[in-house]
Structure formats: structure tokens, C-alpha cells
Amino acid sequence: SVVEILGPNRADAIRTTLVGNIVSGEAGTLLKNLKERPLERILSSLVGGHSNDSSTASKNLYVTRFPGDVSASQVAQLREEVTGILRAAQPGDEALLILQSGGGTVTGYGLAAAQLLRFKAKDIKLTICVEQVAASGGYMMCCTADRIVASPFAVLGSIGVISEIPNAYERLKQEGIEFQTITAGKYKRTITPTKKVTKEDVLKSTEDINSILRLFKEFVHSQRPQLDIENVATGETWFGEDALAKGLCDELGTADDVLLEFVDKGYDVYEVEYKPTPEGVGGLLAGLPGSSSGVGGNTRKSNSSNVGGWRGVLRSVIRGVVSDVKEEVMAELSSTVGGMNAVEKRYMAKDPSDSSNRIQVRD
């Protein structure tokens with residue numbers, strides 16, 4: 001049938017090219033490929049599989065974002081996104097993080113930076129793009145990158161630590177209110193909103209602040225040894241050009257420039273975003289009676305089972321509402337004193353001047 005369709009001359013030429021010339025004994029292209037390459041590689045190339053040959057395989061760029069708040073709450077999503085990228089990445093793939101943060105709690109941003117170090121542990125190159133601000137805890141994350149790209153007027157730096165606790169002792173004393181705090185341990189409580197501040201308290205808090213700054217400086221310098229750490233770890237911030245001169249970034253540009261650069265190099269670009277299962281009433285919708293489909297279209301249920309299902313959903317909704325109200329009341333009661341004394345909120349790696357908002361160009 002091939003001869004009838006193509007004609008004898010063309011069919012013979014194709015056979016010679018693929019199989020070989022019977023007269024001369026020369027092997028054709030197909031036989032040469034079978035001899036030189038394993039069958040698995042030929043099949044994988046035909047079905048679009050991932051080849052083990054890094055010279056011919058398409059490389060991937062995985063892109064994610066971190067719009068950090070003061071508590072670095074986005075680390076819950078970041079850890080899932082990093083895990084997903086690590087499990088999917090092949091040799092030669094890279095990651096890109098678009099970072100926006102003025103810093104916050106030492107513990108939160110320390111964990112976020114540790115998540116990014118997982119890329120380095122797996123030999124996956126990480127590029128971080130800073131379009132507006134990566135200050136203090138934000139720069140703690142930023143320095144873990146193999147390549148830092150900042151926009152011309154992005155704010156970088158603020159390598160320092162701050163502790164701010166309002167004190168109402170004198171005011172409470174005037175109102176005849178006295179807080180009694182019983183502690184075990186000489187420095188269990190130093191500066192708090194309700195206790196009289198002593199010189200010893202200030203000295204101890206200053207010592208703690210300096211200890212955290214030392215750890216901060218050592219971490220940044222270990223990730224970017226080319227930095228003159230004593231020159232930049234002053235709590236100051238610098239805009240793009242000056243940050244580049246200080247060595248806080250490697251080049252100037254936008255995330256769009258970097259993405260286009262990877263596309264031009266032939267990378268396949270994927271944006272990675274973790275979306276957790278909805279909680280509360282939204283999460284219950286999937287379990288509503290009649291919402292799931294059975295195999296073969298048989299989704300019919302008896303009336304009694306539907307009633308029982310709705311009762312179960314109603315009970316779950318009531319429990320959820322009661323739980324939410326309880327948590328809200330407890331949070332409100334504890335926020336006045338306990339919130340300020342929380343260790344993770346006592347010391348902050350953030351930009352106290354909020355440079356990105358304080359300095360404006362406007363009429």
C-alpha cells in the first residue's frame with residue numbers, strides 16, 4: 001500500500017534512508033539511531049518525555065512571589081511552593097522569587113530565609129527580583145539568592161534590629177492600677193508595657209538586640225561574602241544605584257526583564273502558587289449532599305440520607321461559628337498585654353522608617 005501511495009521510486013528512497021541500502025550494506029538513519037541511542041530515549045522523544053540529556057532537554061523556570069507582611073505570614077505558602085518546585089525540578093532548572101517586604105519579626109523572616117536556602121541545598125539556582133523594597137528581614141531573605149536584581153528605585157538594606165514596647169507604668173500608677181508579675185528567672189521579664197523600666201532592664205534588652213544583630217550580620221555575610229558587612233549593617237537603606245555600588249544587589253532591572261531573558265534562553269516558565277483548601281463554610285460546600293457525582297451517573301440518594309447529610313453540615317457550621325467566636329474573644333482579651341510580650345514580636349528585623357512610603361516623589 002505504501003508503494004501504491006508514494007510510487008516505487010519514492011518508497012524505495014524512503015526505505016533506503018530509514019533501513020539502509022541492501023546492495024551496499026550501509027545502514028540507514030533509523031538503524032544508526034537505534035545503535036547509538038537506547039530505545040527509551042527514542043520513545044521519550046516521540047511522546048514528549050523528559051530526556052536525560054541536559055544538552056537537548058528543555059529547561060524550566062519556576063516563578064513564585066512573596067509579598068511579605070510584618071509577621072511573614074506568607075511563609076506558610078512559601079514552604080509549600082518551595083517543596084513543590086524541589087519535587088518537580090530537573091537538573092538545570094532554576095527558580096525566581098519576586099520579593100516585596102520591609103521586614104518584620106526575626107523568627108518569621110528567619111524561617112522564610114531558611115526555606116529559600118533549600119534551593120541552594122539542592123543545587124537549584126535562585127534569582128530574586130526586588131521591584132520596590134527588600135529591607136531588613138526582607139533583605140535577610142534576599143541575600144540567599146545566587147543573583148539579586150533590583151529595580152532602579154528599589155529600597156534595599158536596613159540590616160538591623162529594633163525593639164519597640166510602649167510603657168504605661170506611670171499612667172497606670174496615677175490611676176491607682178498596679179500590675180503584679182511573678183517570674184522565675186532573673187531575666188524572664190525585662191521591659192514590658194506595665195512594669196517600671198530599670199537601667200538593668202535597658203542594658204539587658206540592648207544586649208539582646210546586639211546579639212540578634214550579630215547573628216543577622218553573620219548570616220548575610222555568609223550568603224554574600226563580597227559585602228563589606230560592617231559598612232552596610234548600619235540600619236541604613238539605599239536605592240537601586242547606591243545599593244548596587246554597595247554590593248547589596250548584582251544588577252538593576254525589573255522582573256519583566258528577567259523573565260524575558262529566561263524566555264529568550266529557551267526556558268519554559270511556570271508560575272507556582274499554593275492555594276490551601278478553604279476553611280469554614282467554604283470548605284464545607286464540597287461535602288453538601290448531592291454535590292458529588294457517582295460513577296456512571298448514578299447520583300440518586302434517598303430522602304432520609306439527604307436529611308441526615310444536611311443535619312451533619314448544620315452541626316459542622318454551628319461548631320465552626322462557635323469556635324471562631326471563641327478564638328476572637330480570646331484574642332481580644334490577650335492582645336493588650338500578651339501580644340506585646342510575645343517573644344516573636346519583641347524583636348523586629350524591619351525597616352523602622354518605612355523608607356518606601358516615607359520618601360515620596362509627588363507634586
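The values are calculated or read from the model by the stated rules, or taken from the named source; none is laboratory data. The shown structure was predicted, so the numbers you read here are calculated from the model rather than taken from an experiment. Because the Cβ atoms are built from the backbone with ideal geometry, glycine has one as well, and the counts that use them run over all protein chains shown. Surface accessibility is based on the protein's heavy atoms, side chains included, excluding ligands, DNA and RNA. Shrake-Rupley method; radii C 1.70, N 1.55, O 1.52, S 1.80 Å.
Please work out which residue is modelled with the highest pLDDT, limiting yourself to the stretch 243-278 and to residues that are among the hydroxyl-bearing types (Ser, Thr, Tyr), open to solvent by 60 Å² or more (accessible area, probe 1.4 Å) and assigned to a loop (DSSP other than H, G, I, E, B). Spell out how you get there, then give the answer.
Restricting attention to the stretch 243-278, the residues satisfying the condition of being among the hydroxyl-bearing types (Ser, Thr, Tyr) are 254, 267, 270, 274, 277.
Then keep just the ones that are open to solvent by 60 Å² or more (accessible area, probe 1.4 Å); that gives 270, 274, 277.
Remaining after also requiring assigned to a loop (DSSP other than H, G, I, E, B): 274, 277.
Values: 274: 92, 277: 71.
The selected residue is 274.
Restrict the check to the stretch 222-242 and report whether at least one residue is touching a residue at least 60 places away in the same chain (Cβ under 8 Å), outside any loop (DSSP other than H, G, I, E, B) and open to solvent by 60 Å² or more (accessible area, probe 1.4 Å).
Yes.
Looking at the stretch 134-177 only, could you name the residues that are open to solvent by 10 Å² or more (accessible area, probe 1.4 Å), over 17 Å from residue 245 (Cβ atoms) and hydrophobic (A, V, I, L, M, F, W, C)?
140, 161, 162, 165, 168, 172, 177
Which one of these is over 27 Å from the mean Cα position of the chain (by Cα) and basic (Lys, Arg): 214, 224, 171?
Going through 214, 224, 171 in turn, just one is over 27 Å from the mean Cα position of the chain (by Cα) and basic (Lys, Arg): 171.
Quick one: what pairs do we get from the stretch 190-211, first residue within 17 Å of residue 164 (Cβ to Cβ) and small (Gly, Ala, Ser), second open to solvent by less than 70 Å² (accessible area, probe 1.4 Å) and not in a helix (DSSP H, G or I), C-beta under 7 Å, 6+ apart or different chains?
Short answer, once both residue conditions are applied: 205/163; 205/190; 205/191.
Yes or no, residue by residue, for (1) within 29 Å of the chain's Cα centre (by Cα); (2) at pLDDT 95 or above; (3) surrounded by fewer than 17 Cβ atoms within 10 Å (Cβ to Cβ):
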{"position": "22", "(1), (2), (3)": "no, no, yes"}
{"position": "25", "(1), (2), (3)": "no, no, yes"}
{"position": "58", "(1), (2), (3)": "yes, no, yes"}
{"position": "64", "(1), (2), (3)": "yes, yes, no"}
{"position": "71", "(1), (2), (3)": "yes, no, yes"}
{"position": "113", "(1), (2), (3)": "yes, yes, no"}
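Take the conditions closer than 30 Å to residue 81 by Cβ, open to solvent by less than 80 Å² (accessible area, probe 1.4 Å) and polar (S, T, N, Q) and apply them to residue 101. Does it pass?
yes
Would you be able to tell me the number of residues in the stretch 139-176 that are outside any loop (DSSP other than H, G, I, E, B) and at negative phi?
Total satisfying the criteria: 17.
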